[in-house]
Amino acid sequence: MISSFQKDKLRAQVYYTRWEMGLAAAKDVAETIRTLLAHQAEVNMIFAAAPSQNEFLEVLSASSHIDWQRINAFHMDEYVGLPVDAPQGFGNFLRERIFDKVPFHSVNYLNGNHPQPGEECKRYTALLQQHPIDVVCMGIGENGHIAFNDPHVARFDDPAWVKIADLDETCRMQQVNDGCFASINEVPTHALTLTVPTLMSGRYLFCMVPARTKAWAVYHTVNDPVSETVPATCLRMHENAILYADVESAEKLLDHHSMQ
């Protein structure tokens with residue numbers, strides 16, 4: 001670890017490489033799961049689907065001494081209208097990297113191809129209300145979004161649990177930058193997403209944000225006023241949130257000597 005610091009309630013840890021970052025995050029998440037399972041029958045977890053999560057998911061899915069059969073898995077967002085077997089689908093991404101690798105008690109997918117997306121939001125809301133969230137494993141977008149709560153649609157007081165969001169250009173271009181789509185014209189314009197209050201309701205938030213493309217987002221998450229302008233700033237209001245960065249995503253913090 002290069003450095004650790006705290007801004008408001010948010011703890012942050014910076015590592016030399018994204019592999020070290022993913023390893024540390026997976027270790028912390030595994031320990032939290034085991035602690036929770038020592039005191040409750042089941043654990044409910046939310047997972048993000050993005051290349052930023054690759055190292056973390058690889059290590060976590062190989063972790064020993066986790067009773068996966070007592071864990072209910074959910075994912076936090078899904079494109080509207082992609083082909084069911086599209087590799088860019090977030091459910092498919094997570095199926096390949098963790099959902100099919102370990103024996104969860106249940107895996108609950110958002111259906112981005114439901115003929116009535118509003119009804120799918122209601123269905124998933126009911127599932128989440130029946131399974132209060134214990135652990136959220138997440139990232140931050142290049143525009144500071146969490147899940148698909150881009151700045152223009154993010155609401156810290158959102159009354160919805162799950163909603164249909166239109167995606168801004170920066171968010172859609174990130175998918176091209178990440179190599180998920182060949183051009184922005186291929187990226188869907190809408191998605192189903194858990195809202196900010198739903199994510200913040202998790203008891204423990206683990207946020208993995210590597211790569212130089214996220215340097216702006218990490219810097220402003222830590223330094224800007226807490227507001228929907230940079231949705232991820234809400235993490236600074238959570239009692240149990242940790243931000244994991246690598247030297248590239250934290251480069252603006254290092255340059256500006258913002259770490260304490």
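Can you tell me the length gained on complete extension of the stretch residue 41 to residue 155, counting 0.36 nm per residue apart and subtracting the Cα distance?
Net length gain for the segment: 37.8 nm.
How large is the Kirkwood hydrodynamic radius of the chain, counting all unique pairs of alpha carbons, in Å?
Radius from the Kirkwood sum: 18.2 Å.
Which value in nm describes the separation of the simple spin-label points at residue 67 and residue 8, placed 7 Å from the Cα toward the beta carbon?
Distance between the two pseudo-spin positions: 3.7 nm.
Loop-only check: which trypsin sites (Lys or Arg not before Pro) in the stretch 153-260 are DSSP coil with at most 14 other Cβ within 10 angstrom?
In loop regions of the stretch 153-260 (DSSP not H, G, I, E or B), the sparsely surrounded trypsin sites (Lys or Arg not before Pro) are 155.
Largest first and to the nearest Å, give the Cα extent of the stretch 182-260 along each principal axis.
Sorted largest first, the three principal extents are 40, 33, 20 Å.
Given a cut-off of 21 Å, name the pairs among 27/163; 7/214; 27/252; 27/101 whose C-alpha atoms lie farther apart than that in the structure shown.
Over 21 Å apart, Cα to Cα: 27/163; 27/252.
In nm, what is the difference between 0.36 nm times the number of residues separating residue 166 and residue 123 and their Cα-Cα distance?
Gain on extension, residue 166 to residue 123, equals 13.5 nm.
So how compact is the stretch 1-130: Cα radius of gyration and Dmax in angstrom?
Every Cα atom of the stretch 1-130 included, Rg and Dmax give 16.2, 48 Å.
Which Cα, out of 121, 50, 99, lies furthest along the positive dipole direction of the chain (beta carbon charges, K/R +1, D/E -1)?
Checked the options; the winner is 99.
Can you find, among 87, 221, 21, the residue farthest towards the positive end of the dipole of the chain? Put +1 on the C-beta of Lys and Arg, -1 on that of Asp and Glu.
21
May I ask you to list the aspartates and glutamates whose Cα is less than 12 Å away from that of residue 9, ignoring any residue fewer than eight positions away on the same chain?
The reachable aspartates and glutamates, counting only those whose Cα sits under 12 Å from residue 9, are 239.
If you average the sequence gap of Cα pairs under 8 Å that are 6 or more apart and divide by the length of the stretch 1-91, what percent do you get for the contact order?
For the stretch 1-91, the relative contact order is 26 percent.
Since every read-out is calculated from the coordinates, none of them should be taken as a lab result. Since the structure is predicted, the reported quantities are computational estimates derived from the model, not experimental observations. Note that we place each Cβ from the backbone using ideal geometry, even for glycine, and neighbour counts take in every protein chain shown.
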